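Here's the structure we're looking at; comments come further down.
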There are 6 protein chains.
Amino acid sequence: MTSAEFAREIRRNPLVILPVGALEEHGPHLPLSADILQPMALAKAIAKTRRVLILPPLWYGYCSSTRGFPGTVSIEVDTLRLVARDLVEDIYRNGVRKLLVLSGHAGSGHMAALKEGAKEVAGRHEDYRIAVLTDYDFAYELLGKDGIPEKDGHAGFVETSRVLAVAPRLVKGHARVKPDWPSFNRHEILGRPETKWKTGVQGDPRKASAAVGRKVDAYVLKRTLELIDEVFAAL
Amino acid sequence: MTSAEFAREIRRNPLVILPVGALEEHGPHLPLSADILQPMALAKAIAKTRRVLILPPLWYGYCSSTRGFPGTVSIEVDTLRLVARDLVEDIYRNGVRKLLVLSGHAGSGHMAALKEGAKEVAGRHEDYRIAVLTDYDFAYELLGKDGIPEKDGHAGFVETSRVLAVAPRLVKGHARVKPDWPSFNRHEILGRPETKWKTGVQGDPRKASAAVGRKVDAYVLKRTLELIDEVFAAL
Amino acid sequence: MTSAEFAREIRRNPLVILPVGALEEHGPHLPLSADILQPMALAKAIAKTRRVLILPPLWYGYCSSTRGFPGTVSIEVDTLRLVARDLVEDIYRNGVRKLLVLSGHAGSGHMAALKEGAKEVAGRHEDYRIAVLTDYDFAYELLGKDGIPEKDGHAGFVETSRVLAVAPRLVKGHARVKPDWPSFNRHEILGRPETKWKTGVQGDPRKASAAVGRKVDAYVLKRTLELIDEVFAAL
Amino acid sequence: MTSAEFAREIRRNPLVILPVGALEEHGPHLPLSADILQPMALAKAIAKTRRVLILPPLWYGYCSSTRGFPGTVSIEVDTLRLVARDLVEDIYRNGVRKLLVLSGHAGSGHMAALKEGAKEVAGRHEDYRIAVLTDYDFAYELLGKDGIPEKDGHAGFVETSRVLAVAPRLVKGHARVKPDWPSFNRHEILGRPETKWKTGVQGDPRKASAAVGRKVDAYVLKRTLELIDEVFAAL
Amino acid sequence: MTSAEFAREIRRNPLVILPVGALEEHGPHLPLSADILQPMALAKAIAKTRRVLILPPLWYGYCSSTRGFPGTVSIEVDTLRLVARDLVEDIYRNGVRKLLVLSGHAGSGHMAALKEGAKEVAGRHEDYRIAVLTDYDFAYELLGKDGIPEKDGHAGFVETSRVLAVAPRLVKGHARVKPDWPSFNRHEILGRPETKWKTGVQGDPRKASAAVGRKVDAYVLKRTLELIDEVFAAL
Amino acid sequence: MTSAEFAREIRRNPLVILPVGALEEHGPHLPLSADILQPMALAKAIAKTRRVLILPPLWYGYCSSTRGFPGTVSIEVDTLRLVARDLVEDIYRNGVRKLLVLSGHAGSGHMAALKEGAKEVAGRHEDYRIAVLTDYDFAYELLGKDGIPEKDGHAGFVETSRVLAVAPRLVKGHARVKPDWPSFNRHEILGRPETKWKTGVQGDPRKASAAVGRKVDAYVLKRTLELIDEVFAAL
């Protein structure tokens, strides 16, 4: 897409989606890119029914509990806030008035950095509609329903199923992964959390399947479209 | 307490509690100080059964969705991260090895700032046990149970009950407060959220009571003591 | 005080006082909270004759020469500047136009941080009257007069007398404290000043008395009221 | 690639390449993604003859003179420095000791930010070999040689040729582009450079061709391999 | 002086002096460079009796109350803190162990920035002796003595006399300057202090003379040498 | 120059020149002040034919590859960006509308810091003309011409000649200096570059002469005047 094509598209006032990920360890079986594959797939699904412009992804986010595992490459939480602030502002300068920041990584520090960066910009422009979302906000609404376990998490049953649905060849041996959970309290602040968490897996991915993944993805899509219609329709 | 008394107490390796609040609008009926009253009361309750040293409270936190209401006095989210980092570090310098940061305000940006500030320090000192908690992490585990509504929030049924339990004279006319909810999506990023939220109340505080508040407080205390015993016992 | 009550009070254009302290070693005899007790007492005295709204105190300031003593819990100087800037700005957003930042701690770095943070805000709002004061700016005008020694300082004769006046039960054994002075030059920059200062006492607190403290406090009150009338009357 | 696969590969001490781009206007004929296409192609070419691990690209850099054109989405220069610092440090933490940061965008502020971010990390780890390069450092060595004009620049003859070589279908109508140059002095500091530069083209892309692009790319590859062998061989 | 000559001199462990000034309005009669002339003259006087290496001056400091007058060119207070920190650290890296930062400008924010920047470095190096001084700390010890007025200040009797002593030709018409004082309270924080201060003069420079200036300078030199011998002799 | 004289001069809308240097090792033969001597001499030459106001120099810049040599005293690159931003902004506040930042030090990080600092200000004021230049941008246009070597650099043939032209007594024994070059690749990022560069000399200064220096200086002056007339004439 050239500059002129971009300008022409923006004048039609599309919803612009900025996919955000993290390059992050995801157990022994999922690819480091899991957190970018998922929002990219969701963004493409949204684009089938809404006028959408998808920006190139921000590959690097802020990882906290998996920071010490091989393959996690993270920026600092405050750097991410600045990146989010700068991008959200410069996207506005381009004439965009509807922005969905869609993160595949759901860590609370990471999400707060994205939201706070966006909020600083929102305070400057009254005509700018912004939503910051991780698809896991919706995916985990299914916990305890339809055969999905009540407790699940990072690289667990749901996430493994979803990656199986969108990139099956990148999933390696999930059926042999030992279920695991971090052995620290979720309120504990640890300098080196990986010392209390053997695998970086939170849950039991052994019975994950592409079929479950597709079901979850369909639900996440439905909920995201509802959000889009609620937040962005008015503009 | 003098410097020498402080030093003597620290040598006994107590759990140190840093209460954190926010000076924040809490509907038409609750005091601006609601978020500091609650952790102070909880800290005192903890002190009855555990060796605890309670530090003076950090009165000012980061408020986001209530920022535009009268009486909210907030610092910026990144400033709070720096304050948390500095305090957690200087508390360590004093010889403290067990620290509970206990926040009465539960906003996600606020909590992320406290956690990320603490995490930076945790990465420097392997012998430092830290937990960062808002009492609402536990209080809201009761939603949908024992006559507590499924949905509730800021200055709503639970919080009003809890303030009634600890400072009944500061609660004014909660029985006449109209139930309310923010009319924006929780994923939306708004520069001026108060324009879409009449009262700053999330829920229905009309039937709140000190009795319910005491029940919730007892549960929160039990859960916090469990956390303390799990996280800090080993040291 | 609820949000609505706060708004109503602000519409009457009161002088708002933000008490600032430090949690700081004060010799073997004074409490760590000395620097917050004093401005709180002064603020209350002011409130008897002027229309005043007292905000909750900022307990944590920046301590430099006592940093290494037990019980001092300090934030960094630049963090304090940001906290001051944020609070002074958000207080303005609430409609306040007359603000007195009243610090019980008088360290030069601490005071500069408060002043510079406030100055950044003052440059943005022409209708905002701000004064930043430590009560010791006035208290030490009495040095060498009325039986007060010519040289005195931190936790010395004057400060001990003033704490005896407002919180006598928190003063412990001042009559047995050995007079002391820092053994470094006041222009010297030390990484660890406590290695050259045994007690954190600057002066001789042995003959301090509540009577002297009350006399000093009366003088400080008179001078502060003069300041208030001069700086804030016009608005 | 999973975490374990990543760890295994790193133990073989490969050269790790971090491709960096910019989402940036490139005249009426080149795609916004030009600056990421080129280093990705170069990285893949390097990988054919050297042991290389290519990280996901950093899509967003710092654009200065094209900042005001549609489609440029930039972060601030100091944010980029922090991103570079964080990534270079976290890559080291993963065990990497040979890193090539390869930028398709060649702006001087952008390159300085990458270099200064990397330099901060280099100062902490004596066993870390790092090079920061834009492929245009080598491509422009050909100016004035072999039919390449003496003067050329952004979206001009050389760059258009190179994009024609790697992504011909993304180039649109370069034969009809009017040659252009910025009408400001290169030492001038402009808040809005786009007001003095009609097209964002620096040079004459009309006769650009894939054949020239391939020739330039072959040269750039040769020079980059020389650099790699010189800088990283020793380790 | 070449690099090698510098290295040789540093090995002799001299006192290194970093003169700091401000480019600042000084009434209608004194030059903008007054604050650099004075510490340069003092540094040269010190060099006559002590082993001293004088670094090039830092011309730009932080001006607050004169910020709005013509000819004041100031950096921000936090920038000055960083400059001081960086210089004090890099001077240490050069092997210097005795450093006097000597400022001709005496503003409290300016001095705090220099001291806090230096203090950060002092905390890292136990063998580094640093003093931060403005010559006015000593000059004003003479207020009320020997015919010097009790109250005096910026561009007043003492400063005009001192500039007359070191650079008489740069003083223009001080005998006709109207005495003046800022008409704001010294505790007031003003965004635009120049609106309440006509001339930038604090005091009465009309009877200033080179003879008085020389007397003051002799006293300042004596006091500074005492400081030097006390602080730096031990090393 | 007094405040009033400064104001009067500014009203004539002169070109204001801010000379910037670095205190930096320059081989065994050149003074540490080489990078300030050169722009000062150039500024004075400009002042002979154009209406110019020369500000006091900024002595301290950012040095990278010579950082480890004795006598280099550098601030950090980001500090320099802030200093440049602050000065360029405060100069505008004084009414200046034409500013030339003229640096004798030509390091790429240093120049980028000056430019990015200035650019931030340029974005705020449409009527402010700014150029940021190092005289070496022009001096090295002569490489390979008129007996000047094709390759040359820091403290080499050209720079030594230029210092011989303006301050011959400060050059010591250049005829005996061994030609040298850094033994690292220019794209390499080194924590300690001085370990791979014996002398800090880039080139061969042995045949440098004042005559060559004067010739280069005349050329640099001519090119700078062209730049001035092009960039600043319009205003």
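The values are calculated or read from the model by the stated rules, or taken from the named source; none is laboratory data. Everything quoted here is computed from the prediction, not taken from an experiment. Note that we place each Cβ from the backbone using ideal geometry, even for glycine, and neighbour counts take in every protein chain shown.
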Note on the range A:40-57: residues touching a helix residue (DSSP H, G or I) at 6+ places or on another chain (Cβ under 7 Å) and farther than 21 Å from A:Lys222 by Cα are A:Pro57
With the structure loaded, tell me whether E:Arg93 is basic (Lys, Arg) and surrounded by fewer than 22 Cβ atoms within 10 Å (Cβ to Cβ) or whether it fails that test. yes
- Query: Mind checking whether some residue in the range C:51-64 is crowded, with 24+ Cβ neighbours inside 10 Å, among the β-branched types (Val, Ile, Thr) and under 17 Å from the mean Cα position of the chain (by Cα)?
  - Reply: no
Examine the range D:113-133 for a residue that is away from chain F (no Cβ under 11 Å), part of a loop (DSSP other than H, G, I, E, B) and either farther than 19 Å from F:Ser64 by Cβ or among the hydrophobic types (A, V, I, L, M, F, W, C) (or both), and state whether such a residue exists.
no
When (1) surrounded by fewer than 23 Cβ atoms within 10 Å (Cβ to Cβ); (2) under 19 Å from E:Lys215 (Cβ atoms); (3) touching a residue at least 12 places away in the same chain (Cβ under 8 Å) are applied to E:Arg129, the one that fails is (2)
Would it be correct to say that F:Ala45 is in a helix (DSSP H, G or I), under 15 Å from the mean Cα position of the chain (by Cα) and crowded, with 21+ Cβ neighbours inside 10 Å?
no
Here is a check on your reading of the model: is C:Val171 away from chain E (no Cβ under 11 Å), buried (at least 18 other Cβ atoms within 10 Å of the Cβ), in contact with a Leu (Cβ under 7 Å, 6 or more places away or on another chain) and at pLDDT 95 or above?
yes
Inset, instruction - Answer yes or no: is there a residue in the range D:75-96 that is over 21 Å from A:Glu24 (Cβ atoms) and either touching a strand residue (DSSP E or B) at 6+ places or on another chain (Cβ under 8 Å) or small (Gly, Ala, Ser) (or both). - result: no
In the range A:86-110, anything in contact with a Pro (Cβ under 8 Å, 6 or more places away or on another chain) and not in a loop (DSSP other than H, G, I, E, B) is listed as A:Lys98, A:Leu102, A:Ser103
Checked pairs for the range A:134-159, first in contact (Cβ under 8 Å) with a residue 40 or more places away in the chain, second assigned to a loop (DSSP other than H, G, I, E, B) and polar (S, T, N, Q), C-beta under 6 Å and 6 or more apart or across chains, list as A:Gly153/A:Gln202; A:His154/A:Gln202; A:Gly156/A:Gln202
When every residue in the range F:203-214 that is buried (at least 18 other Cβ atoms within 10 Å of the Cβ) and of a type outside the set (A, V, I, L, M, F, W, C) is compared, the one farthest from D:Arg124 (Cα to Cα) is F:Gly213
Scanning the range C:48-85 residue by residue, those part of a loop (DSSP other than H, G, I, E, B), at the interface with chain B (Cβ under 7 Å from one of its Cβ atoms) and of a type in the set (Val, Ile, Thr) turn out to be C:Ile75
Of A:Tyr219, A:Tyr136, the only residue that is within 17 Å of the chain's Cα centre (by Cα), of a type in the set (Ser, Thr, Tyr) and surrounded by fewer than 18 Cβ atoms within 10 Å (Cβ to Cβ) is A:Tyr219
If you go through A:Gly191, A:Gly200, the only one that is free of Cβ contacts under 8 Å to residues at least 12 places away in the same chain and buried (at least 17 other Cβ atoms within 10 Å of the Cβ) is A:Gly191
- [ ] Looking only at the range F:172-182, decide whether some residue is touching a residue at least 24 places away in the same chain (Cβ under 8 Å), under 21 Å from F:Thr224 (Cβ atoms) and touching a strand residue (DSSP E or B) at 6+ places or on another chain (Cβ under 9 Å).
- [x] no
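Could you tell me which residue of the range C:174-190 is nearest to the chain's Cα centre (by Cα), considering only residues that are part of a loop (DSSP other than H, G, I, E, B) and within 9 Å of another protein chain (Cβ to nearest Cβ)?
Within the range C:174-190, the subset part of a loop (DSSP other than H, G, I, E, B) is C:177-179, C:181-187, C:190.
Filter once more, keeping what is within 9 Å of another protein chain (Cβ to nearest Cβ): C:184-187, C:190.
Working: C:Phe184: 24, C:Asn185: 24, C:Arg186: 20, C:His187: 22, C:Leu190: 23 Å.
Only one residue fits best here, namely C:Arg186.
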A careful count of residues in the range A:28-47 that are away from chain D (no Cβ under 14 Å), touching a strand residue (DSSP E or B) at 6+ places or on another chain (Cβ under 6 Å) and among the small types (Gly, Ala, Ser) gives 1
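So which residues in the range C:159-173 are closer than 17 Å to C:Ala22 by Cβ and not in a loop (DSSP other than H, G, I, E, B), if there are any at all? Let's see the steps before the verdict.
First, pick out the residues of the range C:159-173 that are closer than 17 Å to C:Ala22 by Cβ: C:159-160, C:162-163, C:166-167, C:170.
C:Glu159, C:Thr160, C:Arg162, C:Val163, C:Val166, C:Leu170, listed by residue number.
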B:Ser3 passes all but one of the listed conditions (1) surrounded by fewer than 24 Cβ atoms within 10 Å (Cβ to Cβ); (2) under 18 Å from C:Glu25 (Cα atoms); the exception is number (1)
| message | It is to be established whether one or more residues within the range E:13-34 are more than 18 Å from F:Arg93 (Cα to Cα), touching a residue at least 60 places away in the same chain (Cβ under 8 Å) and part of a helix (DSSP H, G or I). | response | yes
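Which ones in the range F:90-112 are over 16 Å from the mean Cα position of the chain (by Cα), within 23 Å of F:Asp229 (Cα to Cα) and more than 7 Å from every other protein chain (Cβ to nearest Cβ)? Can you show your working first?
Keep residues of the range F:90-112 that are over 16 Å from the mean Cα position of the chain (by Cα), which gives F:90-98.
After this cut, where a residue has to be within 23 Å of F:Asp229 (Cα to Cα) as well, the list is F:91-92, F:94-98.
Of everything in the range F:90-112, those that are over 16 Å from the mean Cα position of the chain (by Cα), within 23 Å of F:Asp229 (Cα to Cα) and more than 7 Å from every other protein chain (Cβ to nearest Cβ) turn out to be F:Tyr92, F:Gly95, F:Val96, F:Arg97, F:Lys98.
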The condition of being part of a loop (DSSP other than H, G, I, E, B) and among the small types (Gly, Ala, Ser) holds, among C:Ala218, C:Ala208, C:Ala139, only for C:Ala208
Note on the range C:140-163: residues under 16 Å from the mean Cα position of the chain (by Cα), hydrophobic (A, V, I, L, M, F, W, C) and more than 14 Å from every other protein chain (Cβ to nearest Cβ) are C:Val158
Just one listed residue, out of D:Gly153, D:Gly147, is under 24 Å from D:Ala208 (Cβ atoms), outside any helix (DSSP H, G or I) and modelled with pLDDT under 95, and it is D:Gly147
